[in-house]
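Some notes on the structure that comes next.
The values are calculated or read from the model by the stated rules, or taken from the named source; none is laboratory data. Just so it is clear, the structure is predicted and the values come from calculations on it, not from any experiment. Cβ: placed from backbone, ideal geometry, glycine included. Neighbour counts: every protein chain shown. Side chains included, ligands, DNA and RNA excluded: accessible areas come from the protein's heavy atoms. Shrake-Rupley method; radii C 1.70, N 1.55, O 1.52, S 1.80 Å.
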Amino acid sequence: MSKSSPLGFFDSGVGGTSVWKEVIHLLTRENTIYLADSKHAPYGRKSQEEITQLCVKNTELLLSKGCKLIAIPCNTATTNSIDYLRSHYDVPFIGIEPAIKPAALKSNTGKIGILATQGTLSSKLFNKTQREHTQDVNTIEIVGTGIVELVEAGKKDSDEMRELLVPIIEPFMISGIDYLVLGCSHYPYIKKQLEHLLPSRVKIIDSGAAVARQTLHVLEELDLLNDQSLPGRHQLYSNASITVLDQLTSEIANRNVAHLEF
Ligand code: DGL
């Protein structure tokens, strides 16, 4: 492993590319490998044991490709399995968690919404973070049932998505929240739809930029920042159809998208 070794990423599918983009915009010289485990999406309805098994499979593959750090741009995988991964592998892991803390600190109405998967909302790590940071605010937690499946199907901007979202966000509409936390990496891809549906006072926040800053910080600490002068190259793999992964990352230079069984 060296400074020019790639950063590894895995998510249950294409959603984690929303976070991966934040990382590569900040760390322009880093090479990356992204695994979209779309064949096993959604993770959010699986047991902790199943999620951990999938995380181990993805981690082993990234390690076999020589990754120097593994980022998990998946709230469900992080909140259920990052402790297990950190205790079984030496490579540094960067996780993602819903941005509850900044939302709770900034809220004026004292009410914040959290939209996430069932797997995240029921995890011990999420509940611990929630207890620590929301003593002074009310939280309205909603499971985004069906959203991941539509993003995976390339339907983020569809009427079908809008129709799915209307009843999901109703509790946010009537509760007077002023911050909505997107607790799933697939959801930044529906931010526009949500902004359109929610009152303008509701600010929507996600954790992508925080993951990028944390990745920079850890690479600096470990003296693992890539010092090559060329821009980073990016290899993205899906174990299902590559069409949506290709579409969602089409604006990124130096990237290659391919199918891989894993
Ligand atoms: N994108 C993932 C997350 O951040 C997982 C969604 C899923 O597979 O259920 O939670």
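Quick notes
- 30 Å tail of the calculated P(r), the chain, as % of Cα pairs: 25
- Here's the picture: charge each Lys and Arg Cβ at +1 and each Asp and Glu Cβ at -1 in the chain, and of Ile72, His88, Ala103 the one pushed furthest to the positive end of that dipole is Ala103.
- Among Val257, Asn31, Leu61 the positive-end extreme of the charge dipole of the chain (Cβ point charges): Asn31
- Gyration tensor over alpha-carbon atoms, the stretch 97-140, equivalent ellipsoid semi-axes in Å: 18, 10, 8
- Relative packing of 159-172, 64-77, 117-130, 195-208, which averages over residues the other C-beta atoms within 10 Å, highest first: 64-77, 117-130, 195-208, 159-172
- Projected-area mean, the stretch 155-262, by convex hull of Cα positions, square nanometres: 9.8
- In a reduced charge model with +1 at each Lys and Arg Cβ and -1 at each Asp and Glu Cβ, the stretch 1-138 shows a dipole moment near 180 debye about its Cα centre.
- Net charge dipole size for the chain [Lys, Arg +1 and Asp, Glu -1 on Cβ; Debye, nearest 20]: 260
- Kirkwood radius, the stretch 95-237, all distinct C-alpha pairs, inverse of mean reciprocal distance: 16.6 Å.
- A Förster radius of 35 Å combined with the Cβ-Cβ distance from Glu163 to Leu216 puts the calculated FRET efficiency at roughly 0.30.
- The alpha carbon convex hull volume per residue for the stretch 31-83 rounds to 79 Å³.
- Apportionment of accessible area to carbon and sulfur, the chain, percent (1.4 Å): 49
- The stretch 1-123: C-alpha pair distances exceeding 17 Å, %: 57
- When each of Lys111/Lys156; Lys111/Lys191; Lys68/Lys101 is checked by Cα-Cα distance, pairs over 24 Å: Lys111/Lys156; Lys68/Lys101
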